[in-house]
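Beneath this line is the structure, given in structure tokens, with notes to follow.
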Amino acid sequence: MSDILLHLLPPIASSLLYAGLGIHFWKTRWHNKGPSTNGPTMQSWERVGILGAVVLQGIGLHDGLFGETGMRFSFSFALSLMLWLAVIIYWLESFRSRMDGLQPLVLPLAAVCALLPIVFPQVHVIGHATAWSFKAHFLTAMLAYGMFTLSAMHAVFMGIVEKTLHQKASIGLRFANLPPLLTMEALLFRMIAVAFSLLTVALVTGVMFSEEVFSKPVVLDHKTLFAFFSWGIFAALLIGRKAYGWRGRIALRWTLAGFLVLMLAYVGSRFVTEFILGRI
């Protein structure tokens, strides 16, 4: 019993910490309608709190992913790992760019996803996890998923801000301390460009892994088709931005469309296989 409690403690503690911080940021960043301040985007204790939640969730993920039988994975661990990486990327990027206001979107979702491995504990052991091509593919794919997740939430937040600023001026005061939308849009495309590069590497290493293990470069399954389709959507978005100056709602729609297709590549297919069809 004590071993089970120790196993459940890190994800539960991280989820509670994420949730508490999410409520705090919602009250201080979104709910507050007073005039903006010119202080730092996050206080030191807020950064430490997010880092603490990240460390706790990381301990839980490590214990769940790596066992005596080898590396284990599932759609619940995929979502939890994606949001964990998204929070890490956000935390690091916040030192460089003004990303204030995004916390009430990122942290509550991270709180939910931190508990998913407990709610859906079914896992499958990954074969050939020791192959270098798999390690490169898995690492870059998860980083790409995390970066695209943060990009999608940033796009949603930009849509909320744009809609709010077109309403009453008093309502818009809650977002008055944010950088201009053009600056936020530039940050969005920078994140998408990095995520797209990671996804490209993930696809290339995935082809190499397939060639090494299955003796053929591409296995035409749902995951592969959706992954390449998502890559095409983001490639078109970046080309449209460069060649035709795509921005605003067009950019947001393409971003969310590419992200949804990417979710279907692994998370969606594994959810159907594990939860609906009951296969491991």
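Structure summary
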{"read-out": "Close pairs (9 angstrom Cβ cut-off, 6 or more residues apart or separate chains): over 17 Å from G159 (Cβ atoms) in the range 240-252, among the acidic types (D, E) and in a loop (DSSP other than H, G, I, E, B) anywhere", "value": "none"}
{"read-out": "Any hit, the range 221-244, residues being surrounded by fewer than 16 Cβ atoms within 10 Å (Cβ to Cβ), at pLDDT below 85 and over 25 Å from T183 (Cα atoms)", "value": "yes"}
{"read-out": "Number of the exception - L9 against (1) modelled with pLDDT under 95; (2) aliphatic (A, V, I, L, M); (3) within 23 Å of M142 (Cα to Cα); (4) in a helix (DSSP H, G or I)", "value": "(3)"}
{"read-out": "Number of the condition not met by M99 [criteria: (1) of a type in the set (A, V, I, L, M); (2) part of a helix (DSSP H, G or I); (3) touching an Asp or Glu at 6+ places or on another chain (Cβ under 7 Å)]", "value": "(2)"}
{"read-out": "Filtered residues of the range 216-267 (kept if in a helix (DSSP H, G or I), closer than 15 Å to I192 by Cβ and among the aromatic types (F, W, Y))", "value": "W231, F234, W254, F259"}
{"read-out": "Of all residues in the range 125-184 being at pLDDT below 85 and in contact with a Lys or Arg (Cβ under 6 Å, 6 or more places away or on another chain), the one that is surrounded by the most Cβ atoms within 10 Å (Cβ to Cβ)", "value": "R174"}
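The values are calculated or read from the model by the stated rules, or taken from the named source; none is laboratory data. It should be emphasised that the depicted structure is a prediction, and the values quoted were computed from it without experimental measurement. Every residue, glycine as well, gets a Cβ built from its backbone with ideal geometry; the counts of neighbours run over all protein chains shown.
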